[in-house]
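The values are calculated or read from the model by the stated rules, or taken from the named source; none is laboratory data. Please read these numbers as outputs of a predicted model, since none were measured by experiment. Heads up, the Cβs are rebuilt from the backbone with ideal geometry, glycines too, and the neighbour counts pull from every protein chain shown.
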Ligand code: ARG
C-alpha cells in the first residue's frame, strides 16, 4: 500500500498547505501517518489530529476540509469519522495495480531499493571454538541471518561475519590436554564433543596438579609467538569446530562471507591501544589499562590486563576499525544475547571517544534467553542442548509424521529437514527478539496453530492448487468478494512489513505477517472454490493463489525457511 499512501499524501498536501503554508508537512511525512482501520471503516485511514497543532484547527474540521473536491485514482470514496479520514480503495486498484504488480514481480514483490549503494555488515552466530554450539546460539544465528536476508532483499550489500571466539588462554589448555590425553582419531571422529571432554579433563586434573595451569599459559604464549606446532594444532581445532557449525548452517541455508574470528585481530590492536594512550583515554587501574566511563554511567572498559594482554573489548575495537576500512559500512550490526549489552555500550562509547565519527553506525541487537520445554535439558555434553541435536530431533519427529500421514511423498527426507528446521526457526522468531522465551517443541512442530509447519503447509497448498490448474492467464477483475479483497489487502502489505522489520531489526514482524497471509489465504480457500470455478473467476482465483505463493515464498526465505512445494 506504500504507493497508494504516497498518492493520497500528494493529493491532500495542497489542501494542508493552503491552511498553513508554513506548517512544514511533506508528502513523505504524511505518507507515514496512515493507519489500517477495522474492516468496516474503510481500507486506510489518516488520523487528522496529527495536523491539529500545526494547522490550529480541530481534527474533524481538518478532515472535512481535506475531503473538499478530493478525487484520487484508485479511491472509491472517503469518509470522515471522528477526526479520521477513512479511504475506501477501489477493487479495481487492488486487482489491476496491487495484485498485478505482485504477479509481475514474482518473489521480488516485496523489494524496495532502500539500501541501494549502501553496505551493511552483520556480525552474528560467532560461537566460541571448541565449545558446544548450543541453543543459546539459536538467537544470534537465526536473527542475524534473517536480518541479513532482509537487508539484502532491500538492496543493501551485505557481509555476514562469523566473529569466532578463537583466541585466548583456553587454547593453551586444550593444547596441553590434547597432547596428554587426546588422540587424533577421537577428535576427528567426535569433533567438538571430544574437544570439550579434553577441556573438562584439563580442569579436573589441574585441581590436583597446579603446574598444568602454568604449562597451559606457556603453550598459549608459544601460540601467540607463532610456534608452528601449536599453530597447526590450534588451526585444526578451529577447522574441526567450523566443520561442525557448518552442518547446522547448511540446514538453515547460511553461508558466511568471513570467518575472521578474534585471532585475526591480534596484530591490529596495538594501533588502537596507542591511539587510546595518545588521546589520554587510558588510565592505569591496579596495573590494568582501562577507559573510565563514569561520566557515562558505565563501569570502566577494560583494554589491557595487568600482564599487558588484550581483552574482548580491545579486539572488538580493532575489528570495527578494520571493518570500516575494509568494507566502509553504512551500518555494522552485532547480534548477541542481551547479556552482552553493557560490553557493546562500553566499547561503542570508547570508539566514539577515540574520535571515530562512524561509532554511531555500530548497532548492538540484543535478544533474550531461550529454554526448551521449560528447562535447559541435560544432554550428552553436560547441561546444554546442542543446536544440532535440537534440529535433529525436530527433523526426526517431522519424518515420523510424514511416514504416518503421507508415506508416498517424494523427497521425504528433504521435506522433513525443511519442515523440522523451519518449525524451530519459525517458533523461535515468532517472539519479539528481546523477550526471554520458553520453547515447547511439540507446539512448534504442530501442523495446526500458528506454526512453521502450518505456514509451509499453506504455501504447499497454494502450490498444489496451481500445479493442478496447469496454465492459466492471470485475470484482474473490477469487482471482487470480501475474502478475495481481504487477501489482496494483506498481500499488499508485504513491502511495508519488510521495511518495518528492518527499521526495528525485528524478524518477528515477518513471522506475524506470514501468519496473516496464511489466515487470509486459508479463509479464501475455504470460502471460494478455485479449480472448480469457471472462466474468469477461476483464473482470477488462481492469480490470487499465485500472488500468495510469491509473497509467502519470499517471506519464508527472509526468515531462513525453505518452502517445499509438497508436504
Ligand atoms: N563469541 C562471542 C560469544 O559467544 C560472541 C561474539 C559476538 N561478536 C562480537 N564482535 N563481539 O559470546
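Do the conditions hold for residue 513, that is, is it on the phi > 0 side of the Ramachandran plot and crowded, with 18+ Cβ neighbours inside 10 Å? It would help to see each step written out before you state the result.
Values: on the phi > 0 side of the Ramachandran plot: no; crowded, with 18+ Cβ neighbours inside 10 Å: yes.
Criteria not met by residue 513.
What are the residue pairs meeting all of these: first residue in segment 263-287, first residue without any contact (Cβ under 8 Å) to a residue 24 or more places away in the chain and at positive phi, second residue part of a loop (DSSP other than H, G, I, E, B) and exposed (fewer than 13 other Cβ atoms within 10 Å of the Cβ), Cβ atoms under 8 Å, and 6 or more apart or on different chains?
From segment 263-287, the pairs are 286/306; 287/306.
Under 30 Å from residue 290 (Cβ atoms) and in contact (Cβ under 8 Å) with a residue 40 or more places away in the chain: which single residue out of 410, 453, 366 fits that description? Please lay out each step first, then the result.
Working: 410 fails: under 30 Å from residue 290 (Cβ atoms); 453 fails: under 30 Å from residue 290 (Cβ atoms).
Step by step, each of 410, 453, 366 is checked, and only 366 is under 30 Å from residue 290 (Cβ atoms) and in contact (Cβ under 8 Å) with a residue 40 or more places away in the chain.
Just name the residue that is modelled with the lowest pLDDT out of those in segment 433-451 that are in contact with a strand residue (DSSP E or B) (Cβ under 9 Å, 6 or more places away or on another chain), surrounded by fewer than 21 Cβ atoms within 10 Å (Cβ to Cβ) and part of a loop (DSSP other than H, G, I, E, B).
First pass over segment 433-451, keeping only residues in contact with a strand residue (DSSP E or B) (Cβ under 9 Å, 6 or more places away or on another chain): 433-441.
Still in the running and surrounded by fewer than 21 Cβ atoms within 10 Å (Cβ to Cβ): 434-441.
If we keep only those that are part of a loop (DSSP other than H, G, I, E, B) as well, we get 434-436, 440.
On the way: 434: 96, 435: 95, 436: 92, 440: 88.
Filtering first and then ranking leaves 440.
Of the residues that make up segment 468-479, is at least one crowded, with 18+ Cβ neighbours inside 10 Å, part of a helix (DSSP H, G or I) and in contact with a helix residue (DSSP H, G or I) (Cβ under 8 Å, 6 or more places away or on another chain)? Break it down into steps so the answer makes sense when it comes.
Filtering segment 468-479 for residues crowded, with 18+ Cβ neighbours inside 10 Å gives 476.
From what's left, part of a helix (DSSP H, G or I): none.
Looking for residues that are crowded, with 18+ Cβ neighbours inside 10 Å, part of a helix (DSSP H, G or I) and in contact with a helix residue (DSSP H, G or I) (Cβ under 8 Å, 6 or more places away or on another chain), one finds none in segment 468-479, hence no.
Scan segment 268-290 for residues that are assigned to a helix (DSSP H, G or I) and more than 15 Å from the ligand (Cβ to nearest atom) and report the count. Steps first, please.
So the first thing to find is which residues in segment 268-290 are assigned to a helix (DSSP H, G or I), and the list is 268, 270-278.
Among the residues that remain, those that are also more than 15 Å from the ligand (Cβ to nearest atom) are: 270-271, 273-278.
Here the count works out to 8.
Considering segment 103-127 alone, what residues qualify as being within 16 Å of the ligand (Cβ to nearest atom) and either in a loop (DSSP other than H, G, I, E, B) or at pLDDT below 95 (or both)? First the steps, then the outcome.
So the first thing to find is which residues in segment 103-127 are within 16 Å of the ligand (Cβ to nearest atom), and the list is 120-127.
Within segment 103-127, 124, 125, 126, 127 qualify.
Given the structure, is residue 265 more than 30 Å from residue 563 (Cα to Cα), within 16 Å of the ligand (Cβ to nearest atom) and either at pLDDT 95 or above or out of contact with any helix residue (DSSP H, G or I) (no Cβ under 9 Å at 6 or more places or on another chain) (or both)? Talk me through it step by step, then tell me what you get.
Numbers: more than 30 Å from residue 563 (Cα to Cα): yes; within 16 Å of the ligand (Cβ to nearest atom): yes; either at pLDDT 95 or above or out of contact with any helix residue (DSSP H, G or I) (no Cβ under 9 Å at 6 or more places or on another chain) (or both): yes.
Yes.
Tell me, which residue of segment 291-309 that is without any contact (Cβ under 8 Å) to a residue 60 or more places away in the chain, within 18 Å of residue 353 (Cα to Cα) and touching a strand residue (DSSP E or B) at 6+ places or on another chain (Cβ under 8 Å) is farthest from the ligand (Cβ to nearest atom)?
Taking segment 291-309 and keeping what is without any contact (Cβ under 8 Å) to a residue 60 or more places away in the chain, we get 292-309.
Filter once more, so that each one left must be within 18 Å of residue 353 (Cα to Cα): 292-304.
Within this subset, residues satisfying the condition of being touching a strand residue (DSSP E or B) at 6+ places or on another chain (Cβ under 8 Å) are 292-293, 300-304.
On the way: 292: 22, 293: 18, 300: 18, 301: 13, 302: 14, 303: 15, 304: 18 Å.
Among them, the one singled out is 292.
Specify which of the listed residues (249, 312, 245) is more than 15 Å from the ligand (Cβ to nearest atom), more than 20 Å from residue 358 (Cβ to Cβ) and under 30 Å from the mean Cα position of the chain (by Cα). Don't jump to the end; show me each part of the working.
Details: 312 fails: more than 15 Å from the ligand (Cβ to nearest atom); 245 fails: more than 15 Å from the ligand (Cβ to nearest atom).
On inspection, the qualifying residue turns out to be 249.
What's the total number of residues in segment 61-102 that are part of a strand (DSSP E or B) and surrounded by fewer than 17 Cβ atoms within 10 Å (Cβ to Cβ)? Even if it seems obvious, please write down each step before you answer.
Of segment 61-102, the ones part of a strand (DSSP E or B) are 75-81, 84-89.
Next, only the ones that are surrounded by fewer than 17 Cβ atoms within 10 Å (Cβ to Cβ) stay: 76-77, 79, 81, 88.
Residues flagged as part of a strand (DSSP E or B) and surrounded by fewer than 17 Cβ atoms within 10 Å (Cβ to Cβ) within segment 61-102 amount to 5.
So which residues in segment 333-375 are away from the ligand (no atom under 16 Å from the Cβ), more than 21 Å from residue 298 (Cβ to Cβ) and not in a strand (DSSP E or B), if there are any at all?
373, 374
Determine the pairs where a residue that is on the phi > 0 side of the Ramachandran plot and in contact (Cβ under 8 Å) with a residue 24 or more places away in the chain, located within segment 124-143, has a partner that is in a loop (DSSP other than H, G, I, E, B) and near the ligand (Cβ under 8 Å from one of its atoms) with Cβ atoms under 7 Å apart, the partner being 6 or more residues away or on another chain.
126/163; 126/164
Within the group 454, 513, 505, 459, which residue is in contact with a strand residue (DSSP E or B) (Cβ under 6 Å, 6 or more places away or on another chain), within 18 Å of residue 559 (Cα to Cα) and either assigned to a helix (DSSP H, G or I) or modelled with pLDDT of 95 or more (or both)? Full working, then the answer.
Values: 454 fails: in contact with a strand residue (DSSP E or B) (Cβ under 6 Å, 6 or more places away or on another chain); 513 fails: in contact with a strand residue (DSSP E or B) (Cβ under 6 Å, 6 or more places away or on another chain); 459 fails: in contact with a strand residue (DSSP E or B) (Cβ under 6 Å, 6 or more places away or on another chain).
After applying the criteria, what remains is 505.
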